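> Please find one structure pasted underneath; my questions will follow.
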Amino acid sequence: MDKNLISHLPEDLNKNKAKLIESYVEKLESTFNIKINIHDVAGISSLAPSLEKVILSHQYHNNAFCNHIKKNDHCLKLCILNKEKLCHRCQKLASPFYNSCYMGVEEFVFPVMCDSKLIAVLCVGQFYSDLDLSKKSLADRAELYKLSFMETEKSFFSVARPIDFDMETLNCYISMLADNLCLTFKEALEKGNPNKSLDLLDLHKNNFIINNTVQFIKDNYSSSLSLDLLASNSYCNTTYLSHLFKEKMDCSITEYINNIRIQRAKELLDLTPKTITEIGLKVGFNDLGYFGRVFKHFIGLTPKEYRERNT
């Protein structure tokens, strides 16, 4: 273990916080043979742009097993819902704990708190504690979610391993990383208004929720988008998201999703020979009649009329 790993952190952090945090994370990962994921709950990256590269490169579980699982649409949604539950538990406990996801991947979880509010979650993994139990659990889940068991098992054990290091030492280092993320975030908030950092945190988090939701809709408009899924992805409850979205965007979430889908449908009608049914399905409408009604609501013409007029 490198005893100088954190000895100069406070002094160096003032010179180049982003670079130091990035090198610190890389040092921890190589020293302990772990992966550190930084789930940005409050929009740290957007408030402190220098940290954006660091956080985005560690924002999700990028490994062979998780990438294999998330190729399944149902499992991807479960991963998002699982992350929301994890955030609720972090807010409630406000202290590190050991956790297992619905697919059996185990990891240490460290909440990053600022003024008693959760701003990020550090996940450190990936591990398994019982080999036989993990194999049985993987077989059950592979069957349940219609995954290839051989590929699922192979990718799991290429990623997960038993814990073979001193947890107290790791806890010290990860806690210091969490403290410095909190400090960086708080300093950026207080630059705007030193007397109302808590109010600014709420305001910034609301903006982050809206931006995160809008981007998720744009990236996944062709999939089934429920309010539960969108709220989980932005770490808030459905009622709060609906109210906040209406207030900030001056339209409902359903209206916004439909508008995105219809604009994409227009492009496909203009630029491709695909049938209207194919286009409706491609942009996320499973009901052709509903697709026609929504299209006419936004454009004033049915998809057929729109295509004939432009032709």
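The values are calculated or read from the model by the stated rules, or taken from the named source; none is laboratory data. Small disclaimer: the values here were computed from a predicted structure and weren't measured. Cβ atoms come from the backbone with ideal geometry, glycine included; neighbour counts cover every protein chain shown.
> Residue check: is Phe291 of a type in the set (Phe, Trp, Tyr), within 27 Å of Lys83 (Cα to Cα) and not assigned by TED's automatic domain parsing to the domain that holds Leu78?
no
> Inspect all residues belonging to the range 276-289 and state whether any of them is among the polar types (S, T, N, Q), over 26 Å from the mean Cα position of the chain (by Cα) and not in a helix (DSSP H, G or I).
Yes - at least one qualifying residue is present in the range 276-289.
> Scan the range 213-240 and report the pairs whose first residue is at positive phi and crowded, with 18+ Cβ neighbours inside 10 Å and whose second residue is of a type in the set (A, V, I, L, M, F, W, C) and in a helix (DSSP H, G or I), with Cβ atoms within less than 7 Å and a gap of 6+ or a chain change.
Listed pairs, sorted by first residue: Tyr235/Cys87.
> Same structure, new question: Do any strands (runs of 3 or more DSSP E) lying entirely in the range 58-172 carry at least 3 residues that are assigned by TED's automatic domain parsing to the domain that holds Ile21, in contact (Cβ under 8 Å) with a residue 40 or more places away in the chain and in contact with a Phe, Trp or Tyr (Cβ under 8 Å, 6 or more places away or on another chain), and which ones are they? Reasoning before the result, please.
Values: elements: 97-100, 106-114, 117-127.
Those strands (runs of 3 or more DSSP E) span 106-114, 117-127.
> Which one of Ser224, Ser175 is assigned by TED's automatic domain parsing to the domain that holds Asn37 and among the polar types (S, T, N, Q)?
The unique qualifying residue is Ser175.
> Next up: Using the structure shown, decide if Phe208 is part of a helix (DSSP H, G or I), outside the structural domain of Glu22 (by TED's automatic domain parsing), at pLDDT below 90 and surrounded by 15 or more Cβ atoms within 10 Å (Cβ to Cβ).
yes
> Given the criterion within 15 Å of the chain's Cα centre (by Cα) and of a type in the set (D, E, K, R), identify the matching residue among Asp202, Asp250, Asp219.
Asp219
> Here's another thing I want to ask about it. Which members of the range 158-179 meet the condition of being surrounded by 13 or more Cβ atoms within 10 Å (Cβ to Cβ) and in contact with a helix residue (DSSP H, G or I) (Cβ under 8 Å, 6 or more places away or on another chain)?
Val159, Ala160, Leu170, Tyr173, Ile174, Met176, Leu177
> Still on this structure, I have one more. Checking the condition at pLDDT 90 or above, more than 16 Å from Ile38 (Cβ to Cβ) and surrounded by 17 or more Cβ atoms within 10 Å (Cβ to Cβ), which residue from Ser197, Ser134, Ser129 passes?
Within the list Ser197, Ser134, Ser129, the selection yields Ser134.
> One residue is enough: does the range 239-246 have a residue meeting the conditions part of a helix (DSSP H, G or I), under 24 Å from the mean Cα position of the chain (by Cα) and among the β-branched types (Val, Ile, Thr)?
The answer is yes, given that some residue of the range 239-246 is part of a helix (DSSP H, G or I), under 24 Å from the mean Cα position of the chain (by Cα) and among the β-branched types (Val, Ile, Thr).
> Search the range 173-188 for residues that are among the basic types (Lys, Arg) and pair each with any residue that is modelled with pLDDT of 85 or more when their beta-carbon atoms are under 7 Å apart and the residues are at least 6 apart or on different chains.
Listed pairs, sorted by first residue: Lys186/Cys114.
> Quick check, is Asn237 out of contact with any Leu (no Cβ under 7 Å at 6 or more places or on another chain) and modelled with pLDDT under 90?
Against the criterion (out of contact with any Leu (no Cβ under 7 Å at 6 or more places or on another chain) and modelled with pLDDT under 90), Asn237 qualifies.
> Also, quick follow-up: Is the range 189-203 home to any residue that is under 29 Å from Leu78 (Cα atoms), small (Gly, Ala, Ser) and assigned by TED's automatic domain parsing to the domain that holds Leu78?
So in the range 189-203, the residues under 29 Å from Leu78 (Cα atoms) come out as 201-203.
If we keep only those that are small (Gly, Ala, Ser) as well, we get none.
No, every residue in the range 189-203 fails to be under 29 Å from Leu78 (Cα atoms), small (Gly, Ala, Ser) and assigned by TED's automatic domain parsing to the domain that holds Leu78.
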